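First the structure, in the form of structure tokens, and then the observations on it.
Each value in this text was obtained by applying a stated rule to the coordinates, not by laboratory testing. Given the structure is predicted, the values throughout are model-derived calculations rather than measurements. With ideal geometry, Cβ positions are generated from the backbone for all residues, glycine too; neighbour counts draw on all protein chains shown.
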Amino acid sequence: MAKEVKFLQGNEAVVEGALYAGCTFYAGYPITPSTEVAEILAARLPKVGGRFVQMEDELAAMAATLGGSISGRKSMTATSGPGMSLKMENLGYGYLTEIPCVIVNVMRGGPSTGLPTGPGQSDIMQAKWGTHGDHPAVALTPSTVQEQLEETVRAFNIAEKYRIPVILLTDEIIGHMREAVNMPEPGDLKVDDRKRPTCDPKDYLPYQPEEDGVAPMADFGSGYRYHITGLNHLADGFPSNDGKLAQADEIRQAAKIDDHYDDIVVVDEMECDDAEILIFAFGSTARSAKEAIKAARAEGIKVGLFRPLTIWPFPDKHLEKYKNKVKRIIVPEMNLGMAILEVKRVMEGTVPSIEGINQIDSEPITPITILNKIKEGK
């Protein structure tokens with residue numbers, strides 16, 4: 001039987017992915033260009049036994065999202081740049097307390113209120129470094145409406161499996177464009193749930209990791225004592241001023257992501273086998289890069305696309321195989337140069353030229369702009 005195909009907006013596809021993954025709690029605050037996520041979930045969640053809450057502001061929305069997850073529900077919120085800035089304090093709380101949830105950032109121009117109705121890609125570094133302190137970070141960057149659905153499911157899986165807030169970095173273009181989407185049937189996509197304790201409640205330690213570096217997580221109210229604090233804490237959750245123990249715990253939290261790089265980091269490579277020029281592009285800009293590469297290939301220029309679906313952790317291992325192989329790397333992005341800094345960190349000294357295409361005028365980077373850059377060195 002043929003799969004159902006729907007003509008969906010990108011933000012609608014995020015909703016479908018969240019529901020497929022088992023999301024039953026959403027807390028948010030309206031903000032362009034993410035508002036459709038909240039609007040649709042407000043109607044859909046009650047029909048599946050879920051709960052939608054519109055909070056008084058973005059800070060409260062992040063706090064409620066964490067609370068929903070602590071109660072045992074798969075939880076999500078959605079926002080854009082200004083709201084993401086406001087969420088940062090409680091996002092840091094989520095990192096330290098290892099509370100799984102998904103935060104969708106439909107990026108727009110900034111800083112401050114910026115360009116609310118246009119696209120941007122200037123929140124890349126914020127997704128990694130936006131809140132204070134050392135902590136691991138996971139951020140995914142879909143490029144199509146189909147991927148909006150599928151990467152939302154993957155975001156929930158990573159969050160649940162590794163007890164970490166996961167950011168889905170999309171942008172206004174993908175959030176508002178419409179494409180045909182193959183709707184997955186139950187079982188088509190993997191769905192992970194968090195580990196829950198099986199020990200006697202009196203023996204439960206909420207931050208005692210198992211071999212994979214992740215501790216089972218009890219639902220509040222399920223009979224297990226569970227102390228949560230934003231202070232550095234011991235395995236029982238209670239605060240500790242022991243700096244060495246705090247250091248060991250933060251290193252453990254980083255390692256639970258770093259050690260599972262192969263499970264978390266996904267990239268898409270197109271026409272890269274014989275490429276002399278590599279285009280590193282993500283999100284909606286990768287769509288323009290694909291068209292530019294097709295045109296360049298038609299003219300005999302050997303160029304390929306390296307497209308990260310996981311931007312954090314940065315795909316070092318995947319990118320390193322092009323060391324001393326390609327002659328140029330071009331990084332188009334709708335900011336003044338962010339992803340290119342990571343590309344240079346990994347590749348500088350092994351590639352003769354690493355160049356950026358930077359645009360922050362709330363317009364997409366076009367295929368012809370990328371094609372012209374490709375031809376500059378020919």
ask   = So what is the 222 nm mean residue ellipticity for the chain from helices alone, if each DSSP H run of at least 4 adds -39500 (n - 2.57) and you divide by all residues, rounding to the nearest 500 deg cm²/dmol?
value = -11000 deg cm²/dmol
query = Can you tell which of MET270, MET76, MET107 shows the greatest fluctuation in a Gaussian network model of the chain with Cα springs below 10 Å?
reply = MET270
ask   = When only Cα pairs under 8 Å and 6 or more residues apart are kept, what is the percent relative contact order across the chain?
value = 16 percent
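Multiplying the sequence separation of ILE251 and ARG345 by 0.36 nm and subtracting their Cα-Cα distance, what value in nm do you get?
Working: separation 94, 0.36 × 94 = 33.84 nm, distance 2.20 nm.
So the extension gain works out to 31.6 nm.
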query = For the residue pair GLU363 and THR113, what label-to-label distance in nm results when each label sits 7 Å from Cα along the Cα-to-beta-carbon direction?
reply = 2.4 nm
query = Treating the beta-carbon of each Lys and Arg as +1 and of each Asp and Glu as -1, no other charges, what is the dipole magnitude of segment 5-182 about its Cα centre, to the nearest 20 debye?
reply = 440 debye
task = May I ask you to list the lysines whose Cα is less than 22 Å away from that of LYS321, ignoring any residue fewer than eight positions away on the same chain?
result = LYS290, LYS302, LYS344
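From Cα pairs below 8 angstrom and at least 6 apart in sequence, can you work out the relative contact order of segment 5-182, rounded to a whole percent?
Working: 403 pairs, mean separation 53.9, N = 178.
Once divided by the residue count of segment 5-182, the mean separation gives 30 percent.
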inquiry  = Could you give each residue of segment 84-89 its phi-based ³J(HN,Hα) in whole Hz, using Karplus coefficients 6.51, -1.76, 1.60 with θ = phi - 60°, and x for Gly or Pro?
reply    = 5, 4, 6, 6, 4, 4
ask   = Given H placed 1.01 Å from N in the peptide plane, which residues other than close sequence neighbours of MET177 have an amide H under 5 Å from its amide H?
value = GLY10
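In what order do HIS260, HIS135 fall by count of nearby beta-carbon atoms within 10 Å, going from fewest to most? Each step should come with its number before you reach the end.
Numbers: HIS260 17, HIS135 20.
Ordered from fewest to most neighbouring Cβ atoms within 10 Å, HIS260, HIS135 come out as HIS260, HIS135.
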key: Amide H contacts under 5 Å for VAL138, placed H, 5+ residues apart   = ILE167
note = Within the set THR117, THR32, THR285, GNM on the chain using Cα springs under 10 Å gives the largest fluctuation to THR117
inquiry  = Projecting each Cα onto the charge dipole of the chain (Lys/Arg +1, Asp/Glu -1 at the beta carbon, about the Cα centre), which of THR369, LEU86, GLY22 comes out farthest on the positive side?
reply    = THR369
Euclidean distance between Cα centres, segment 276-354 to segment 1-48, Å = 32 Å
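Taking a ≥ b ≥ c as the square roots of the Cα gyration tensor eigenvalues, with a/c under 1.5 meaning rounded and otherwise prolate when a/b beats b/c, else oblate, which class fits segment 5-182? All intermediate terms of the calculation are to be shown ahead of the outcome.
Working: a/c = 1.39, a/b = 1.08, b/c = 1.28.
The shape class here is rounded.
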task = Give me the aspartates and glutamates in straight-line cross-link reach of LYS327: C-alpha distance below 19 Å, same-chain residues under 8 apart excluded.
result = GLU269, GLU271, ASP273, ASP274, GLU276, GLU299, ASP316, GLU342, GLU348, GLU355, GLU376
request  = Report, by chain and number, residues whose modeled amide H sits under 5 Å from the one on ASP268, excluding near sequence neighbours (fewer than 5 apart, same chain).
outcome  = ARG307, LEU309
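Rounding to the nearest 20 debye, state how big the charge dipole of the chain is about its Cα centre with +1 on each Lys and Arg Cβ and -1 on each Asp and Glu Cβ. Please report the intermediate quantities before stating the final value.
Details: 40 positive and 54 negative charges, 78 e Å.
Taking the Cα centre of the chain as origin, the dipole is about 380 debye.
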key: Residue with peak Gaussian network fluctuation, the chain [Cα springs, cutoff 10 Å], from GLU355, GLU299, GLU271   = GLU299
ask   = If you keep only loop residues by DSSP, which chymotrypsin sites (Phe, Trp or Tyr not before Pro) in segment 201-285 have at most 14 other Cβ atoms within 10 Å of their Cβ?
value = PHE220
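Placing +1 at every Lys and Arg Cβ and -1 at every Asp and Glu Cβ, with all other atoms neutral, what dipole size does segment 267-376 have around its Cα centre, in debye to the nearest 20? Intermediate results must be reported in sequence, preceding the final value.
On the way: 16 positive and 17 negative charges, 44 e Å.
Dipole magnitude for segment 267-376 comes out near 220 debye.
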ask   = What list of ³J(HN,Hα) couplings, whole Hz, do you get for segment 233-243 from phi and the Karplus terms 6.51, -1.76, 1.60, once you set θ to phi - 60° and write x for glycine and proline?
value = 9, 8, 4, 7, x, 7, x, 9, 9, 6, x
task = Name the residue farthest towards the positive end of the dipole of the chain from the options HIS318, ALA137, LEU205, assuming +1 on Cβ of Lys and Arg, -1 on Cβ of Asp and Glu, about the Cα centre.
result = HIS318
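Between HIS176 and TYR261, take the C-beta separation as r, use R0 = 30 Å, and let me know the FRET efficiency to the nearest 0.05.
On the way: r = 32 Å, r/R0 = 1.08.
According to the calculation, E is roughly 0.40.
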